[in-house]
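Step one of this worksheet: look at the structure below.
What follows draws every value from the coordinates through simple rules; no lab data is involved. What you are looking at is a predicted structure, and each value in this text was computed from that prediction instead of being measured. Note that each Cβ is placed from the backbone with ideal geometry, even for glycine, and that neighbours are counted across all protein chains shown.
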Amino acid sequence: MPPETEPPPSYEQIQQQRANEAMRHSRIDTRTACLLLLSVLAVFYTLYFASAIILPMILALVVNLLLSTPLRFLHMRLRLPKPLAALCLILCVFGIVGAVGTAISVPATGWLECAPDALNTLRERLAFLRGPFQLLTSASERIHNFMTIAGGHVDHTPAETADGHIIVITSPSGGVEGLDRFSSSILLGTQAFMGQFFTMILMLFFLLAQGDSLLRRFVEIMPTFADKRRAVQIAYQIERNVSQYLATITIINSLVGLVNMTQCWLLGMPNPLLWGVVAFLLNYIPIIGPMMGIIIYFLVGLFVYPSAWQALLPPAIYLCIHLTEGETITPMVLARRFTLNPVLVMASLMFWDWLWGIFGAFLSVPLLAVFKIICDHVDILTPIGHIVGGPARTPAAKPRITAMDGTTTTGQDD
């Protein structure tokens, strides 16, 4: 009988061997570790304090990856010059965004205007929770008073008289000054947002029109052929995998928004387009986004339906839609391409949300994917890339590169 041949190693085994090899040969002394830690902290401080200019550039890079395939179609198939194709794509995408924003702006403004009356309705519908909330408030006040006495700090501010009346001392002009301050902050925030938006659009146009020439120049200055090859592989993997991820997630989120809009229409909720767009946007944020969507649907249901139990129906359907999408459809579509550790995905979400707010939450998964691809191509960072990777997948007949796993294996066509 012919000898049995061993099956070729899977990609997960190859990555693990490379990580073990890198750990054996890596020797980091205390001085190098301290310099590395200081460098990482310096990068984070720069990202935080220079977010006004760095965040629009990162957003432009991510949108550029999303539009790279349509740009290639317009340039290669329709023979349009790259600057013209880039301009058409930008106008088309932001035209659609502007049209949807205009369509939902009127109902969104209406909901904001009726917010004071809605708060009274919300208070009436949630009256059954008043008892538990009072118990929690009383317990919190007792703990605060105990900690104040234990710390030797006495608050001399009058809070409550013997007959139960609360004394509040305010300045006559405090309300006007607060309103002026609030208006000024809104104006400054709008100006800052428009400036960052213009920076992103300008950067996106030049990335779409001249991004390939920048990459070509960068590869030309690499000293060796191996370095040139590695740079091309990293750029190719980032463009191919992140763009496919963004396109796939956008299609899935659009379906989620459409289904939620349909269920809102069938259940008689006002402005179903608005809540469908809300579900579409929140689904970009892992875990936290759908949780916020459930809460929003429940609060809207309290204003629409006569009882709190009927208000649970829209968020319950929202939860079923999310579970079907998150546990079945998305893993089935992305399982062979995207393998990221769920714990690190959540950590990345919280970190970038703290650093850059809502835009950081949107960018958390693409940035983590780019980081893994870079780690998989740099030998000394291979162990980190192996840690960032998710659970092992069933190997194919040939070990090939998967979308979030960066290095070239024996079965990959370069």
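See the values below:
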| item | result |
| --- | --- |
| Linear extension gain, Thr30 paired with Met292, 0.36 nm per residue minus alpha-carbon span | 89.9 nm |
| Kirkwood-Stokes translational diffusion coefficient of the stretch 287-356, alpha-carbon pairs, 10 °C, 1.306 mPa s, µm²/s | 113 |
| Förster-model FRET efficiency, 60 Å R0, Asp227 and Val106, C-beta, rounded to 0.05 | 0.60 |
| Gained length - Met57 relative to Ile387, 0.36 nm times residue gap less alpha-carbon distance | 116.0 nm |
| P(r) of the stretch 261-308 over all Cα-Cα pairs, binned every 10 Å from zero, in whole percent | 29, 53, 18, 1 |
